[in-house]
Structure formats: C-alpha cells, structure tokens
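Participant: The structure under discussion is supplied below as structure tokens; questions concerning it will follow.
Nothing in this text is a laboratory measurement; each read-out follows from the coordinates by a stated rule. What you see is a predicted model, and the numbers here were worked out from it, not measured in a lab. Please note: Cβ atoms are built from the backbone with ideal geometry, for glycine as well, and neighbour counts cover all protein chains shown.
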Amino acid sequence: AEAHSGRGTALLNLGRTQAGLDAFDTAIRFQSGNTAALIGKADALRQMERFEEASATFDQAINTKDAKRTPELAAYAAAAKLRLGQFNEAIRAFDDALALRSEYPEAHAGRGVALSGLGRYEDALAAFERALSIRPSYAYAHRGRGDALGSLGRLEEALTAYDRALALDAKDALAHNARGVLLARLGRDIDALAAFDQALALAELPAARFNRCRVLVLLGRDEQALESIASLLELYPDYRERVRRDSILARLGQRSDLRARFSELVGD
C-alpha cells in the first residue's frame, strides 16, 4: 500500500491526476485505512473538481485510526466543504485547523470566505485581516478583504484592497474580475471594461464574460454587448436565464431594432 501511495503522490506532482487517483485507489484496496493514500486520493479528487467525493474522502482520512490530526489535513477538508457551499461545516473544519495552529493564514482566510458565503461580512473582514496580520503579503486574503469590504458598501477601501492583491499577484484573474465589478459600481465603466478584459486574458471566467456584457450596455455599446452575449451563451448556455433576468442586459430587449435579436439569444 505504501508503494502505491508514494507512486500516487509522484504522479500528482507530475500533473497526472487520473493516474495518481488510480494509484491511491490501489493502495486503499490493499489497506483501506491508509491515511496517506486517503489524503492523496482526496487531493486528487479536489484537483479534478470532484468536491463532494473529495470532502467525503477527507472525512474518511481524518477518522482513520492512525490519522494524525494536522492543521493541513483539517484545512484541506475545510476547503473541500467550502467548494461545495457547505459554509458552516467549512467554518468548523477551519476552526479545527486553527485550534491546532493559531497562526495559520490560509485557515483564517478560508474561514473568511465561508463567513462571506453566509453573509457575515463583518466577521469575514475580521478573518481576512487576521490572516493579513500573520502574512501581510498574502494576495488571496487581500482579495477576500476586498470582497468583504465591497459587500459592506465600503467601495473605495475595497478598491484599495483589490489593488493591493493585484500588486502582489497580477495574474489573479478573479481579483481583476472583482475589481471590475467594483469599478462598475463606482461608475467607472471604462476602467471596469479594462478589468474584465484583463481577467479574460488570464483565464476563461464565465462571470467575467457576463460582467463584460453588462458594462458594454452601460457604455452604450449595444451591438458589442449583443455579440458578447452570443459568445457567452454559446460557451455557457446555463447563463441564459441569468441574462434574461438581468435588468441592465434587459435594456437591449427594449430597443426596437435589437429586440428580435436579443429575444432570439435568450429564448423569449
């Protein structure tokens, strides 16, 4: 079992996720309670975005008889629950990690994300600021702090937080997208468009495509907006209902010369 588990770890490090998962499964067939193999399998599942299975496997690893309760293991389990939207469970798991290591910025930041998911933005802000007190250069926590500040209506402070996050990690597409949303809220539509374009230059983010469509309408670039909506829905048809219900994008359907094209796109 140990040899297969070690092989799985090596394969994961090479980016061969499916092969790594197969190796961990082989190890587990030989020894069902092998903690290292279960952790490796959970990590492989997480990388494959099979988060429900990852969360269950992390729970199984934590409960094996030879499991060593480490902050990293608790944080891995919490992250899987976070991706499933299980925010209360994630907070409990991050708290477990912090009970083992109080100066753990990743756990504080993850806890902030979970608190934001519950709409507890003041608590989330405190969690991100605790992470930053430990590691001031933690770009992820700066982005999370910006999200919390934006949700609290503290827009200029949020913008400063996003700028700090991007100064530390200019390739964070999610931070560029979040910054674009904030700039649009501040009425800085040209700057918002540039931010969404930067996000999409770095990663394929459907949210950034959607937000870009909205800001094009705000800028009066309706033809471009229609073209962008068509591209969005070709790639992500699940966004159709969201486009149909959006009050800004609905303006396209109010123009007599664009109504038919917009209706065809959204299926009205």
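Participant: Once both axes come from the Cα atoms, what is the angle between helix 173-185 and the longest principal axis of the chain, in degrees from 0 to 90, rounded to 10?
Facilitator: 40
Participant: I'd like the FRET efficiency for SER137 and LEU100, computed as 1/(1 + (r/R0)^6) with the beta carbon distance as r and R0 of 30 Å, rounded to 0.05. All intermediate terms of the calculation are to be shown ahead of the outcome.
Facilitator: Values: r = 24 Å, r/R0 = 0.78.
After rounding to 0.05, the efficiency reads 0.80.
Participant: I'd like the orientation of helix 206-218 relative to the chain: the angle between its Cα long axis and the longest Cα principal axis, in ° from 0 to 90, rounded to 10.
Facilitator: The angle comes out near 20 degrees.
Participant: How much length would be gained if the chain were fully extended between ARG244 and ASP222, taking 0.36 nm per residue of separation minus their Cα-Cα distance, in nm to one decimal?
Facilitator: Working: separation 22, 0.36 × 22 = 7.92 nm, distance 1.53 nm.
Using 0.36 nm per residue and subtracting the Cα-Cα distance, I get 6.4 nm.
Participant: Specify the angular offset, from 0 to 90 degrees and rounded to the nearest 10, of the alpha carbon long axis of helix 189-202 from the longest principal axis of the alpha carbons in the chain.
Facilitator: Helix 189-202 sits at roughly 40 degrees to that axis.
Participant: I want to check the label-to-label distance for LEU155 and GLU122. Put each point 7 Å from Cα in the C-beta direction and report it in nm to one decimal.
Facilitator: 2.3
Participant: Something else now. Using only the alpha-carbon atoms of region 166-267 as identical scatterers, what base-10 log of I(q)/I(0) does the Debye formula give at q = 0.11 Å⁻¹?
Facilitator: Cα-only, vacuum Debye calculation for region 166-267: -0.31.
Participant: Let me ask something additional. If we count every other residue with Cβ under 15 angstrom of ALA139's Cβ, Lys/Arg +1 and Asp/Glu -1, where does the sum land? Write out the running numbers ahead of the final one.
Facilitator: On the way: positive: ARG135, ARG143, ARG145, ARG164, LYS171, ARG179; negative: GLU106, GLU129, ASP147, ASP163, ASP169, ASP172.
Neighbour charge sum, excluding ALA139 itself: 0.
Participant: Next question, about the same structure. Determine by what factor the alpha-carbon radius of gyration of region 24-112 differs from 2.2 N^0.38 Å, reporting the quotient. Mind showing how you got there, number by number?
Facilitator: Values: Rg = 12.5 Å, N = 89, 2.2 N^0.38 = 12.1 Å.
My calculation over the Cα atoms of region 24-112 gives 1.03.
Participant: Considering only C-alpha atoms, what is the centroid distance from region 232-268 to region 202-219, in Å?
Facilitator: 14
Participant: Ok, one more. For the chain, what does the relative contact order come out to in percent, with C-alpha contacts under 8 Å and a separation of six or more?
Facilitator: Numbers: 387 pairs, mean separation 19.8, N = 268.
For the chain, the relative contact order is 7 percent.
Participant: Ok, one more. Provide the descending list of Cα extents for the chain along its principal axes, expressed in whole angstroms.
Facilitator: 68, 40, 29
Participant: May I pose another question? Please give, to one decimal in nm, the separation of the simple spin-label points placed at ALA167 and SER231, each 7 Å out from Cα toward the Cβ.
Facilitator: Simple spin-label model gives 3.2 nm for this pair.
Participant: Moving on. Could you tell me what fraction of 2.2 N^0.38 Å the Cα radius of gyration of region 88-175 comes to, as a two-decimal ratio? Don't skip to the end; give the middle numbers.
Facilitator: Details: Rg = 12.2 Å, N = 88, 2.2 N^0.38 = 12.1 Å.
Working it through for region 88-175, the quotient is 1.01.
Participant: How far is the Cα center of region 1-78 from the Cα center of region 90-167, in Å?
Facilitator: One Cα centre to the other: 27 Å.
Participant: How compact is region 208-264 by the rule of thumb for globular proteins, expressed as Cα Rg over 2.2 N^0.38 Å? Can you show the working numbers first?
Facilitator: On the way: Rg = 9.9 Å, N = 57, 2.2 N^0.38 = 10.2 Å.
Output field value: 0.97.
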